[in-house]
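Please read the structure below before turning to the comments.
The values are calculated or read from the model by the stated rules, or taken from the named source; none is laboratory data. Because the structure is predicted, anything quoted here is derived from the model rather than measured. Quick reminder, even Gly has a Cβ in these numbers, built from the backbone with ideal geometry, and neighbours come from all protein chains shown. Keep in mind that these areas ignore ligands, DNA and RNA; they rest on the heavy atoms of the full protein, side chains included. Shrake-Rupley method; radii C 1.70, N 1.55, O 1.52, S 1.80 Å.
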Amino acid sequence: MKTDALHQAPGSGRVYLVGAGPGDPELLTLRAVRLLQQAQVIVYDHLVSSAVLDFVSPTAERIYAGKRRNEHTMRHEQINALLVKLAMEGKQVVRLKGGDPFIFGRGGEELQALAARGIAFEVVPGVTAASGVSSYAGIPLTHRDYAQSCMFVTGHLKDGTADLDWPSLVRPRQTVVIYMGLGGLPEICRQLMQHGAAATLPIAVVQDGSISTQKVVTGTLADMPERVAQAGLKSPCLTIIGEVVKLHVSLAWFQPQLMTRQPLGF
Ligand code: SAH
């Protein structure tokens, strides 16, 4: 049990693995905001928005841990070693990650490194991109008329191919959400059609969901790679595939251009 871990190293530091949500700071949990205001050190990833970082205590030390594709600011072992070192110095550390730390965030791996050293930790979930980005794009992930299940997969390519269970992704009446799928989009669309998905199946790619630069591009499996290229979308982008994407036209509510950074008044 995690509570054991919290008592293993009395008097020493603690690491809080905190989800920062998809970008809009309004989506932070109350626990996350409190910890950001109390932490001595924040170790954060590139997906954490600047508006979220505005909540960090001005006296906290901020350490940027990366990493974008092709920009490996710190290797994963280095990040683990850093967290261990800071906690052993007795620091209260917030390890801040975009979205939810346990969904494609390697949070589990970091905690294993801490657990192996008997370092106390706590996990604060965040709004994962699938949930936050789809909400801000007006695309319900399930809907009784269109999808009764939803899958979250990573589209990160290894050696140019995504090692995905394609037959399970083309089942009818389900929504597929692909994290890290921008670079591999043409291959993903091609494979889905090859495995029996209709060329007309609706698909959306959402860039910068929930912040002022949000862009939503919709299309079909057949024309999406071209549309995304034309729109010049940049990472981070979330891909949503399924009939539910049709609802975007009528349910899109978020107007990124009207977004203002008002103090939250907590
Ligand atoms: N732990 C994170 C996911 C990390 S993987 C979470 O729970 O959300 C990084 C991928 O998440 C990106 O490549 C992108 O697919 C997605 N993502 C995260 N934030 C996003 C945002 N604001 N808009 C669009 N996609 C986002």
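Amide H neighbours of residue 63 under 5 Å, counting only residues 5+ apart in sequence or on other chains, H built in-plane at 1.01 Å?
Here 42, 43, 44 satisfy the definition.
Can you work out the Karplus-derived ³J(HN,Hα) for every residue in the stretch 90-104? Use 6.51 cos²θ - 1.76 cosθ + 1.60 with θ = phi - 60°, whole Hz, and x for glycine or proline.
Values, residue by residue: x, 7, 8, 10, 9, 9, 9, 10, x, x, 10, x, 9, 10, 6 Hz.
For the stretch 130-249, max minus min Cα coordinate along each principal axis, in Å, sorted largest first?
Principal extents (Cα only, largest first): 36, 35, 21 Å.
Quick one: divide the alpha-carbon radius of gyration of the chain by 2.2 N^0.38 Å and tell me what you get.
Against the compact-globule rule of thumb, the ratio is 1.07.
Would you pull out the residues with amide H under 5 Å of residue 124's amide H, same chain only if 5 or more places away, H placed 1.01 Å from N?
17, 18, 19
For residue 216, what accessible area in Å² do you get when you roll a 1.4 Å probe over the heavy atoms of the protein chains, rounding to the nearest 10?
50 Å²
Give me the accessible area per residue for the chain, probe 1.4 Å, as a whole number in Å².
In whole numbers, the chain has 50 Å² accessible per residue.
Based on Cβ point charges of +1 for Lys and Arg and -1 for Asp and Glu, what charge dipole magnitude is obtained for the chain about its Cα centre, in debye rounded to the nearest 20?
Charge dipole of the chain: 260 debye, to the nearest 20.
Restricting to Cα pairs below 8 Å that are 6+ residues apart, what does the relative contact order work out to for the stretch 64-174? Please round to a whole percent.
Across the stretch 64-174, relative contact order equals 17 percent.
Short version: ³J(HN,Hα) in whole Hz for each residue of the stretch 162-169, in order, from phi by Karplus 6.51 cos²θ - 1.76 cosθ + 1.60 (θ = phi - 60°), x for Gly and Pro, what are they?
8, 8, 10, 7, 4, x, 6, 7
When the accessible area of the chain is split by element with a 1.4 Å probe, what percent falls to carbon and sulfur?
On the way: 7030 of 13340 Å².
Roughly 53 percent of what the probe reaches on the chain is carbon or sulfur.
Using θ = phi - 60° and the Karplus curve 6.51 cos²θ - 1.76 cosθ + 1.60, what whole-Hz ³J(HN,Hα) does each residue of the stretch 173-178 get, with Gly and Pro shown as x?
Residue by residue, the stretch 173-178 yields 6, 9, 10, 10, 10, 10 Hz.
Sequence-distant or interchain residues sharing an amide H contact under 5 Å with residue 151, placed H: which?
Amide H to amide H, under 5 Å and 5 or more residues apart or across chains, residue 151 pairs with 175, 176, 177.
Using only helices, what value at 222 nm comes out for the chain when you add -39,500 (n - 2.57) per DSSP H run of length 4 or more and divide by the total residues, to the nearest 500 deg cm²/dmol? Can you show the working numbers first?
Values: 10 runs with 76 residues, N = 266.
Helix contribution divided over all residues of the chain: -7500 deg cm²/dmol.
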